Amino acid sequence: MSPATPTSRGRKAGRVHQNEGMVVPPAAITKTGSARSGRPHRLLRAVFQPIGDEGRAALVERRIAEAIMGGVLHAGERLPAETDLAQSFGVAPATAREALLALRERGLITTRRGRNGGSFVAESADPTTFAREALAETSRVALRDAATHYVAVTAAAVELAARRSDPSEIALIRHRLERVDANDPVAWRRASDDAQIELSALSQSARLTREQMRLQAELSPLLALADRDVERREKTRARFWAVLSAVEQGDPATAVRLSRAAVGETVEWLIDLRESLVAP
């Protein structure tokens with residue numbers, strides 16, 4: 001099969017963005033979600049995806065707690081109403097209510113009464129503390145296993161993106177990243193998470209994109225720990241820039257190699273940090 005022209009490839013990618021690559025957020029998220037960059041935060045979509053048959057309060061609580069402590073939901077941000085949460089997660093309203101009660105008891109959210117009331121992320125929620133505790137409780141084997149899964153999905157996505165995307169689409173991702181203050185680890189993590197998901201969407205695989213969204217939401221708190229180290233953040237940024245260049249040039253082999261190397265380096269850094277956290 002002959003390669004598609006840039007124009008046709010761009011049109012295909014556009015259809016994926018609109019119909020396949022991203023899960024359409026429920027109305028509750030567009031009402032209460034952020035307009036931090038003039039568009040919905042992609043990780044918010046991953047947070048509020050349905051949890052299916054495992055729809056228990058503990059799972060709802062865990063997903064929201066991880067989003068708060070991972071910096072996806074920010075201090076002072078308003079959560080969707082109970083009924084909207086229940087609809088988003090695919091659970092009963094009573095289950096959503098029980099999860100919110102548990103989050104209040106943990107001090108992660110607060111509730112206000114009145115016209116402008118609702119549930120809000122507590123100002124005292126500390127993503128860094130949560131991430132360090134989570135890292136300390138994760139074994140080296142589990143970290144490597146998570147990295148293996150993450151790199152398999154990421155590598156597959158960037159390989160397809162290098163074959164299917166239009167260079168102009170990569171230029172847009174690069175332009176958005178250039179506007180982010182590289183000296184702000186929080187801003188960089190949000191932007192790089194979004195950029196990784198956008199890159200996956202260019203693979204034109206809805207399944208890969210959904211899985212990338214899920215993994216970014218799950219691993220973002222740990223990746224944010226690495227971002228707080230200036231040297232590590234600069235290396236990660238340089239690696240991602242190189243991946244974008246390889247995809248832009250239609251070089252899947254280089255894009256995959258660089259993606260694997262970036263994940264491997266970050267995991268080794270996290271393992272070293274974990275050892276220091278659990279040392280007596």
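The values are calculated or read from the model by the stated rules, or taken from the named source; none is laboratory data. Model, not experiment: these values are computed from the prediction. Cβ sites come from the backbone with ideal geometry, for glycine too, and all protein chains shown count toward neighbours.
Structural remarks
- The condition of being modelled with pLDDT under 95, within 19 Å of the chain's Cα centre (by Cα) and more than 20 Å from A146 (Cα to Cα) holds for only one of A224, A191, A279, that being A191.
- None of L103, L160, L85 is among the hydrophobic types (A, V, I, L, M, F, W, C), more than 25 Å from L270 (Cβ to Cβ) and at pLDDT 95 or above except L160.
- Residue check for V158: among the β-branched types (V, I, T) and either touching a strand residue (DSSP E or B) at 6+ places or on another chain (Cβ under 8 Å) or surrounded by fewer than 19 Cβ atoms within 10 Å (Cβ to Cβ) (or both): no
- Every condition in (1) modelled with pLDDT of 85 or more; (2) aliphatic (A, V, I, L, M); (3) part of a helix (DSSP H, G or I) is met by I29 except one, and the failing one is (1).
- Condition met for L202 (of a type outside the set (S, T, N, Q), modelled with pLDDT under 95 and either surrounded by 20 or more Cβ atoms within 10 Å (Cβ to Cβ) or on the phi > 0 side of the Ramachandran plot (or both)): no
- Subset of the range 219-240 [small (G, A, S) and either touching a residue at least 60 places away in the same chain (Cβ under 8 Å) or closer than 9 Å to S192 by Cβ (or both)]: S220, A224
- None of A224, A242 is touching a helix residue (DSSP H, G or I) at 6+ places or on another chain (Cβ under 9 Å), assigned by TED's automatic domain parsing to the domain that holds T138, surrounded by 21 or more Cβ atoms within 10 Å (Cβ to Cβ) and not β-branched (V, I, T) except A224.
- With respect to the stated conditions, L160 fails to be free of Cβ contacts under 8 Å to residues at least 40 places away in the same chain, in a helix (DSSP H, G or I) and farther than 23 Å from E66 by Cα.
- Condition check for R104: part of a loop (DSSP other than H, G, I, E, B), of a type in the set (D, E, K, R) and either surrounded by fewer than 19 Cβ atoms within 10 Å (Cβ to Cβ) or touching a residue at least 24 places away in the same chain (Cβ under 8 Å) (or both): no
- Of all residues in the range 136-150, those satisfying the criterion of being of a type outside the set (D, E) and surrounded by fewer than 20 Cβ atoms within 10 Å (Cβ to Cβ) are A136, T138, S139, R140, V141, A142, L143, R144, A146, T148, H149.
- Flag for T254 being of a type in the set (V, I, T), in the same structural domain as A156 (by TED's automatic domain parsing) and surrounded by fewer than 19 Cβ atoms within 10 Å (Cβ to Cβ): yes
- Residues satisfying the stated conditions in the range 116-155, i.e. at pLDDT 90 or above and assigned to a loop (DSSP other than H, G, I, E, B): A122, E137, T138, S139
- Scanning the range 241-266 for residues that are in contact (Cβ under 8 Å) with a residue 40 or more places away in the chain, acidic (D, E) and either under 18 Å from A146 (Cα atoms) or not in a helix (DSSP H, G or I) (or both) turns up just one, D251.
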